[in-house]
Amino acid sequence: MKVREYLKDNVLLLDGAMGTYISLKDRTFRNLPEEANLQKPDLVKEIHLEYLNAGAMAITTNTFGANRMNFPEAAGNIIDEGFKIASQAAAKTGAFVFADIGPVDVSDPELPDSESAAVNEYIYIAQRFLDNGCENFIFETHSNTIGITEAAKYIKSKNKDAFIVTSFAVLPDGFTRDGVFASQLAKTIRSCPEIDAFGLNCIQDAVHMTETAESLDIGGKILSLRPNAGYPTVLGHRVYYEGDPIFYAQSVVDMTKIGARIIGGCCGTTPLHIQKIRELLPNVTTISGKKIQSQESIQDSVVSRFWEKLTSGKKPVAVELDPPENASLDKFMLGAQKLKDSGVDILTIADCPIARARMDSSILACKVKRELDMDVLPHMTCRDRNLNATKALLLGLYAEHVRNVLLVTGDPIPTAERDEVKSVYQFNSRKLSAFVTELGKQSLPSGFHIFGALNINARNFDVQLKLAKDKIKNGMAGLLTQPVLSENAIKNLKRAKDELDAYILGGLIPIVSERNARFMHSEVNGVFVDSSIIEAYKGLDRQQSEDLAVKITCDFAEQIKDFVDGYYIITPFNRTSLVSRILSNLKLS
């Protein structure tokens with residue numbers, strides 16, 4: 001019998017955890033669980049048999065992390081042996097065997113072609129299983145759908161009767177560690193005919209996973225749910241799951257009442273958990289359809305004057321002002337007021353630039369918005385907060401009537417400080433943009449206007465354009481460029497305008513001295529200063545330098561006016577008076 005036929009009249013009970021159970025069975029084994037296929041195959045087979053004897057009707061191969069990123073030389077052998085061991089165990093009971101395929105980490109914030117690398121690796125893994133005669137596949141604990149639909153199509157092209165489950169690790173708040181909402185995952189999977197089942201596993205306990213599953217529309221897909229054995233505790237550097245197996249089993253069986261046809265256990269579960277589920281399953285008599293939750297629509301009354309001006313075809317001006325390094329705000333607020341009086345449409349505030357701690361950009365943005373009634377564009381980096389902290393901050397910004405955000409990956413922490421100050425980098429700006437976009441749809445009356453950065457001074461501008469297109473695809477509506485200080489930057493800006501479907505604010509920065517020009521050219525990432533500009537500042541005093549800065553900045557603004565939808569001026573050393581002079585000389589249309 002095939003899995004598909006079995007599911008017509010039965011709930012399929014899968015096994016429980018392998019990795020956490022191996023550590024309980026053999027405390028001397030300190031290697032990765034997948035290596036046990038080669039080093040302790042009898043232990044792996046024993047665990048499979050324990051789950052089968054407990055009542056599981058399907059087991060998953062011990063190959064969750066078996067890919068060439070984790071095991072460059074041994075991945076293929078681990079897969080072969082893993083399937084062989086599981087098949088030998090299942091042959092005694094006639095149980096189904098599922099190829100277990102975990103996420104492949106090939107992501108790099110600076111490599112737009114990382115998706116193709118993921119596709120290639122999943123296809124390699126799938127083909128290895130196919131060569132061994134595998135018919136059932138489960139992609140589990142994934143945080144996104146990158147490479148999965150392509151791999152599913154490949155598997156079905158080789159075996160049209162293959163059964164494919166995709167299962168995702170979703171936080172109780174409804175999104176993955178990559179910032180992808182469960183509803184978006186479900187939408188992608190239900191549109192892929194090659195995939196048979198949509199599932200959730202890991203991270204959540206049974207109660208919270210049920211709540212998440214109830215909110216999803218998976219179309220005609222089979223629902224698979226495999227929660228953890230409660231939430232873990234750490235004792236003596238070891239992780240323990242102390243949830244009660246009987247309560248766990250009842251909660252898992254209750255999942256069938258919301259439509260789950262495939263159930264089982266994830267981290268912390270043991271054969272005892274599966275046994276308790278099996279004892280309760282004969283009492284299941286009905287499987288009802290799932291309900292779909294919907295959020296009541298609320299009209300957003302907050303208006304961003306900057307956004308209205310930008311979308312009306314006028315050229316708004318954004319000015320960046322660095323937050324203070326201490327708790328004194330007088331100078332910053334006076335500068336912000338001066339910029340507003342000079343006609344600035346929106347104030348942008350950097351998020352700890354150059355990875356040095358300053359006053360929080362979002363808190364400062366709320367103060368400016370509240371006290372000066374000025375549109376603000378706080379920067380948010382991926383460096384210093386995880387998704388939970390990011391969501392909390394965005395909710396606070398929204399409540400304070402901030403509707404524009406600029407998302408950047410963020411400068412890394414200086415090497416010498418990494419042992420003391422840790423970077424987070426849970427995602428890059430593209431993933432964060434997708435998260436913020438979906439947050440607007442899921443949890444807010446309306447969304448944010450999302451902006452990003454575009455490095456027009458990059459040596460390989462083709463890569464920057466690819467990244468920019470990916471940012472736009474993930475929800476960014478506009479891009480603020482690095483400063484224009486060369487002919488090549490103007491040329492790249494023209495290309496960007498021709499090729500990108502987004503609003504572009506051309507970057508300008510007034511140079512205040514020869515030393516300042518040399519420093520920016522040599523030390524500031526993404527800035528290129530033409531040598532003729534550096535030479536022009538030689539021998540000038542402060543007033544002469546500022547006069548030249550006004551002229552050069554306005555000249556560049558004039559040269560790029562046909563290629564931009566607005567201007568983005570960076571204030572050097574908080575010299576707001578200099579920016580005011582530039583604005584008074586700038587020809588705005």
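For the range 31-66, the set of residues classified as in contact with a Phe, Trp or Tyr (Cβ under 9 Å, 6 or more places away or on another chain), at pLDDT 95 or above, more than 16 Å from F96 (Cβ to Cβ) and not in a helix (DSSP H, G or I) consists of K40, G65, listed by residue number. Here's a check for you: in the range 431-454, which residue that is assigned to a loop (DSSP other than H, G, I, E, B), at pLDDT below 95 and in contact with a Gly (Cβ under 8 Å, 6 or more places away or on another chain) is surrounded by the fewest Cβ atoms within 10 Å (Cβ to Cβ)? Ranking the candidates gives S446 first. Report yes if some residue within the range 531-551 is of a type in the set (D, E), within 19 Å of L586 (Cα to Cα) and touching a Phe, Trp or Tyr at 6+ places or on another chain (Cβ under 9 Å); otherwise report no. No - not one qualifying residue is present in the range 531-551.
Just one residue in the set G475, G396 is over 17 Å from S361 (Cα atoms), at pLDDT 90 or above and either part of a loop (DSSP other than H, G, I, E, B) or more than 18 Å from the chain's Cα centre (by Cα) (or both); that residue is G475. Tell me whether the range 140-148 contains one or more residues that are modelled with pLDDT of 95 or more, acidic (D, E), open to solvent by 40 Å² or more (accessible area, probe 1.4 Å) and more than 27 Å from L407 (Cα to Cα). No, there is no match, as no residue in the range 140-148 is modelled with pLDDT of 95 or more, acidic (D, E), open to solvent by 40 Å² or more (accessible area, probe 1.4 Å) and more than 27 Å from L407 (Cα to Cα).
A Cβ distance below 7 Å, combined with a sequence gap of six or more or placement on separate chains, defines the contacts here; from the range 160-177, residues that are without any contact (Cβ under 8 Å) to a residue 60 or more places away in the chain and over 11 Å from F435 (Cβ atoms) reach residues that are assigned to a loop (DSSP other than H, G, I, E, B) and of a type in the set (V, I, T) in the pairs I164/I195; T166/I195; F168/T176; A169/T176; A169/I203; V170/T176; V170/I203. Evaluated against (1) more than 15 Å from the chain's Cα centre (by Cα); (2) of a type outside the set (G, A, S); (3) open to solvent by 40 Å² or more (accessible area, probe 1.4 Å), C202 falls short on exactly one condition, (3). Taken over the range 12-33, residues that are open to solvent by less than 20 Å² (accessible area, probe 1.4 Å) and within 19 Å of N136 (Cα to Cα) amount to 6. Do we have S191 as buried (at least 23 other Cβ atoms within 10 Å of the Cβ) and more than 16 Å from the chain's Cα centre (by Cα) here? No, not satisfied. Listed by position, the helices (runs of 4 or more DSSP H) inside the range 494-564 whose residues that are open to solvent by less than 70 Å² (accessible area, probe 1.4 Å) and under 30 Å from H449 (Cβ atoms) number at least 3 are 542-560. Take T210 and decide whether it is more than 19 Å from G102 (Cβ to Cβ), open to solvent by 20 Å² or more (accessible area, probe 1.4 Å) and either in contact with a His (Cβ under 9 Å, 6 or more places away or on another chain) or polar (S, T, N, Q) (or both). Against the criterion (more than 19 Å from G102 (Cβ to Cβ), open to solvent by 20 Å² or more (accessible area, probe 1.4 Å) and either in contact with a His (Cβ under 9 Å, 6 or more places away or on another chain) or polar (S, T, N, Q) (or both)), T210 qualifies. Restricting the range 67-79 to residues that are within 31 Å of the chain's Cα centre (by Cα) and not in a loop (DSSP other than H, G, I, E, B), the residue that is farthest from L32 (Cα to Cα) is G76.
The values are calculated or read from the model by the stated rules, or taken from the named source; none is laboratory data. This structure is a prediction, so every number in the text was calculated from the model and none was measured. All Cβ positions, glycine included, derive from the backbone under ideal geometry; neighbour counts span all protein chains shown. Accessible surface is based on the protein model in full, side chains and every heavy atom, while ligands, DNA and RNA are left aside. Shrake-Rupley method; radii C 1.70, N 1.55, O 1.52, S 1.80 Å.
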